[in-house]
Structures are given as structure tokens and as C-alpha cells.
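Below is one structure; the comments refer to it alone.
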Amino acid sequence: MSAVQAPGDRHRLTVTGGLAALSLDAMASVAYGPEAIVLVLALAGGAGLGFTIPVTLTIAALLAVLTFSYRQVIAAFPEGGGAYGAAKTYLGRHASLVAGASLIIDYVLNVAVSVAAGVAALTSALPALLPYTVWLCLGVLALITAINLKGIAHSARAFVVPTVIYVGSIVLVIVAGLIRGEPAVAGPEHTATSLQTVGVLLLLKAFANGCASLTGVEAIANAVPSFKQPRIKRAQNAEVALGVLLAVMLIGIAALIEKFAIAPVEGVTVLAQVTQAALGDGWLFYLVQFATVVLLALAANTSFGGLPVLAQLLAADNNLPHLFALRADRQVHRYGIAFLTLTSAILLIIAQGDMNLLVPLFAIGVFVGFTLSQAGMVRHWLADRPSGWRWRVALNGFGALLTFVAAIVVTVSKFTEGGWLIVVALPLMVVAMTWVNRSYARIGERLELGRTPAPPRPRRSLVVVPVHAVNRLSRDALAAALSLGDRVVAINITHPEDEGAARRFVEDWERWHPDVELVQLFDPRRRLDDPLVTYLKQVPESHVFVLIAEVEPEHFWQRLLQNQRGAVLARALRMRTDAVVCRMRFRMTALERTELVA
């Protein structure tokens, strides 16, 4: 007997789809993570480059800790949220806001960096496109946004093939390089390496730089609700698969860097040198490069899968505007996607599509989230104390220490290269979310949320209808008003000098005889709001409706023909009175059909 598929489940992710939709950031980082390590270690010459594998193994060990930790986070917080959920439950509200803000910053930067990196690789191959870098970035961003607006499962299916090609290409490079007998390229001979020769600070900086490969590891834990049932199992399997694939690729590339004595070369990436050494200059070399270009561009999809879900959780906790919790018919959070697209576009425009201006900011935020997540899980094990809790506490505590050290080293080393922006932006976002939360708390207090209100009782009410002429619009508005309140008053506002027009209106009104009280107000400055506001403050009823009748044009361009009087009046009444403002729109087509029937 087949399981019944939940409504909307067809728009959710499988394990393969989760890898394609949520892990491209981490997988594509193989293109620049090892290079970031080599660039730092090369400062110490051959002795420094000899530490490529030890540094990479340390990063892989941290990756294993993070993979295991986030696997536990997925089980503990199936509603998603990752570091935010763990920090909220075990470290308190302020820590959770720091985690949420750091992840939002990282998601936005991931989109900008991934798109800029992909376009940079493209313009390197086709220099004629270089003047159009910004437009190419915005075009790629628009394409990814459009795919995600169709639903995350649709985007996952679109990215499965490029992901498989990329992973297969990197594995092919590793296997071919390892079985190749002799180095295909010449390089500097590594001298005997020692810790004293290289220096601890240099190793720490290389470790921090290489940890850029870990960005995106948390995205699956943040987007658990996006998976098909059983969500926890599928998300955990996807997290483990990501950890294994990423570790194999990082260690394999590091081994080839050592084997072929790869050193930084201006204008040629480390991955390109490794690929050339392993596969030569044939079509396989270009396949790997092209797959890398595509994956770097598509890696932005990790953020489109993770940030909207995180924003939904923040909105549900009253830390972001509630519109971020709204979903469209394809189970997508359009406002989260729109925010991500807009902020990323602004960053790309400001940086003119230059990846090197954005990369220094990339890893700071995510390590803050890593640290809080690990610390939260330590508190989790200490509180629940399940079987084997001691070694789990030790593992997560060690991971928290490693990620905390990495966060400090990355922040200090990148501070003057733009890292100060993150140091400033992160607390500002926390302050903003705190303000949003307090605003919702005040609204909830006024609405008496969480308390049972007194039973509803009828109250005498007044319905005020501004009228400007005796016509069908006025008739329909007064008919609606008579069904709303106990007393209905029609208000006509005019200028003292328009005495003739005011007299003719009264004559038309008396001839019509609608059995509704008419009040004429005069204003020497031809204002509509002030006379009406003054009148409403003098009425004895405490429950007042103001019904503003407007014509809804049949065509959009006909809005230009309207005077927007209703919008101006409604805005003033909402700001200056407690009246309930009702804007009733009458469609021209409906009026015409009614006329034909009559």
C-alpha cells in the first residue's frame, strides 16, 4: 500500500534534490577553498605549502564535526532554523538573534559571491564580455530567482544535472591525478617542513581562509521543512552525503596539490592547475572548467533554499515582518526570495560584480552561526543526557572551540579588507529585529493576545459617507452604509465661494430624497481631510465607520485619469482618527452590466 502524499509534497525535496538545491554553495567552494589555503601557505615558500594536507585534514575534521552536529540539529529542530533554532532553545533569545542575523548576512553574501565568481570565470574565458560584468551578474541573478519562484523542487530538478557533472568531474580529476605516475607539471620542491618554520599564526590564517569551503554546510538544517516526508530522515541523509562528498573533494584536491607541487600562479586558478596536471589540456580539462563555472553561478541556490525558510521562522517568532512567513501556491516564500534578490543585486552593483571585494566578507557570519549552533547542542546534551552524551558534549564543544577560533581569526585578518562591515551590520540587524519584536509585542498587548476577551456586544455605530454628487456611485455607497450602521450621515465638503454649486447639490439631494441625513462642510482652503476630521471628533458615537466610494477603472491606464481623492482622505483619517475606514471600489464593468440588466 503506497503512502499518501501530503498536499504540496510534490513541490518538496528528495535527498538528491536537497543536495542539488541546498549544497551547491559548499560543493562549489572546492574551486576556491583549497586555493585560499595555498595562497596563505605560499607566503612561507615550500615549507608552508607542505602543510596543505594537514590544514585540509583539520578542515575535514571540522567538517565531520559540523556534519554530525547538524545531523543532530535536524532531528532536534525539524521545523528548520539550524543555528537559529539551537541558539533560541538553549542559549536564549539574544543569541538566537545573533545566529539569525549572521546566517542572513552569509546567505546574502553567498548569492553575491557565487554569482560574481561564476561571471568572473565566464569573462576570463570570454574577455569581450568584461564591460558587461554587472549586467551579466544581474542577469544570472534574475534567472536563478525566476527558477526559485517556480518552487524549490523545480529548481532542484533544474540543478541536478549540473551538480552530477561537477561532482563527477572533480572525482575524475582526483582519481586520474592519484593514479598518474609522474607529475605533469613542474613546481618548486617542498623543503622539510616544520611548525617553527611556517609559524602558528600563518597556519591559523590558512585554516581560517580554507574554512570558506564550509560555508553552506548549515543550509540543509535550515531548510528541513522543504524536504518530502519523512523530512528528518531525508534531510539527515542529505547532510551526511554533503559532508562525505565535500571531504573527499577537499582532501583529494589537497593531495594533488602536494603531489604535483602546485603553487599560486597569477591568472590561473589552483583548481585549473590541478586539473591540467591530472587530465592534460584536452576536452576533459575544459569540461571541468565549464562545470565549475556553472556550479559557481548556481551555488547561489543554496541561499534561495535556506534563507526564506529561516526568514519564515524569524517572522513566526515576531523578529521579522510577518509577510516573510507567507507562502505562494508552489510552497515558496516570495518575500524571502525577493529580499534576497534585492539585497544581493545591491551588493553586486556596489561592488561592480568584483568577486574579490565580496569574498573577504564571506565567511565571518557563518562561523558565528557555527559556533552558536555547536554551543547550543552542548547545552542540549547537558540538559537531556541521552546515552553517550559525554562524548557528544566533547565533540560539539571541540567543534564550538574550533569554529570560534576560526571566527576570530577570519574577522581579525579580514577586518581592514571589508570585514568591518560585517562587524557593524550584524549588531545593527540584531537591533532591528529586537525593535520589530517589541513592536509586535506592543501590538499584541493592545489586541490582548493570549487572553480571552469579553463577549461581543452590539454598539451604536455611525457610518459617514463623503459624497460629491448625486449619482449611482453615491446611491450604492449609501445603500452599503445603511446595512452597516445605526445612523448614516452623508458629508459634502465644499468651498465657501462655490455657493452656487453647493446650492445646486442640495437641490439635487432634496429632489432625490434618499432618507439619509446630509451635512455640508465648508473649508476656505479646499481641504477634504481637516473638515471631516473635525466633524468626526464631535460626533457622539464611539464606533464610527467612514465609507469612501471609488470607481475601479476597467483598464490599468485609466488610473491616471483619477484624482486619488479617496486615497488621500483614507490616509489622513487612519493617521488622525480612530474611525474604521472602508474603501469600497465599484468596477466599471460591473456598473455597466447592472445598467444593461435594468
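FYI, it's all coordinate maths here, none of it is from the lab. Nothing here was measured: the structure is a model prediction, and the numbers come from that model. All Cβ positions, glycine included, derive from the backbone under ideal geometry; neighbour counts span all protein chains shown.
Points to keep in mind about this one:
- In the chain, the calculated helix contribution to ellipticity at 222 nm averages -20500 deg cm²/dmol per residue, counting -39,500 (n - 2.57) for every DSSP H run with n ≥ 4.
- In this rough spin-label picture, where each label sits 7 Å from Cα along the Cβ direction, the Asp281-Gln538 distance is 9.3 nm.
- Descending principal axes extents, the chain, alpha-carbon based, whole Å: 106, 61, 59
- A Förster radius of 51 Å, combined with the Cβ-Cβ distance separating Leu172 from Arg438, puts the computed FRET efficiency at roughly 0.40.
- Ile232-Leu449 FRET efficiency (beta carbon distance; Förster radius 25 Å; 0.05 resolution): 0.20
- Long-range HN-HN contacts of Val551 with modeled amide H, under 5 Å: Phe586
- Calculated from backbone phi, Karplus (6.51, -1.76, 1.60) coupling profile of the range 457-470 in Hz, x at Gly/Pro: 10, x, 10, 5, 10, 10, 10, 9, 10, x, 10, 10, 7, 8
- Model label points for Asp508 and Leu382, set 7 angstrom from Cα along the Cα-to-Cβ axis, are 7.8 nm apart.
- Ranking Thr411, Asn148, Tyr32 by how far each Cα lies toward the positive end of the dipole of the chain (charges on Cβ) leaves Asn148 at the top.
- In plain terms, the residue of Ile105, Ile346, Ile491, Ile364 with the fewest other Cβ atoms within 10 Å comes first and the most crowded comes last, giving Ile346, Ile491, Ile105, Ile364.
- Among Ala120, Leu296, Val465 the positive-end extreme of the charge dipole of the chain (Cβ point charges): Val465
- Nearest 10 degrees, 0 to 90: helix 52-76 Cα axis against the chain principal axis: 40 degrees
- Top positive-direction residue, dipole computed over the range 223-332 with Cβ charges, set Phe260, Ala247, Phe324: Phe324
- For Val200 and Ala479, the difference between the fully extended length at 0.36 nm per residue and the C-alpha to C-alpha distance is 92.2 nm.
- Sites counted here are GluC sites (Glu not before Pro) in a DSSP loop (not H, G, I, E or B) having no more than 14 other Cβ atoms within 10 Å; the longest part of the chain that contains none of them is 267-447.
- For the range 346-459, a/c is not less than 1.5, where a ≥ b ≥ c are the root eigenvalues of the C-alpha gyration tensor, and a/b does not top b/c. That puts it in the oblate class.
- Estimated at 0.36 nm per residue, the fully extended path between Arg459 and Trp135 surpasses their Cα-Cα distance by 110.7 nm.
- Inter-label distance, nm, simple model (7 Å from Cα along the C-beta direction), Arg93/Asp498: 5.2 nm
- Annotation: amide H-H contacts under 5 Å for Ile493 (H modelled 1.01 Å from N, sequence separation of 5 or more, or interchain): Val467, Leu521.
- Couplings 3J(HN,Hα) for the range 289-305, derived from phi with the Karplus relation 6.51 cos²θ - 1.76 cosθ + 1.60 (θ = phi - 60°), are 5, 5, 4, 5, 4, 5, 5, 4, 6, 7, 4, 4, 5, 4, 5, 5, x Hz, where x marks Gly and Pro.
- Given charges at beta-carbon only (K, R positive; D, E negative), |dipole| of the chain in Debye: 1480 debye
- Distant-in-sequence amide H partners of Ser461 (H built 1.01 Å from N, under 5 Å): Asp486, Arg487
- Computed from backbone phi, the HN-Hα couplings of the range 424-439 come to 7, 5, 4, x, 5, 5, 4, 4, 4, 5, 5, 5, 4, 4, 5, 5 Hz, rounded to whole numbers (Karplus: 6.51 cos²θ - 1.76 cosθ + 1.60, θ = phi - 60°; Gly and Pro given as x).
- Subtracting the Cα-Cα distance of Ile165 and Trp420 from their residue separation scaled by 0.36 nm leaves 88.0 nm.
- Calculated FRET efficiency for the pair Ile350/Met584, C-beta based, R₀ 51 Å, to 0.05: 0.70
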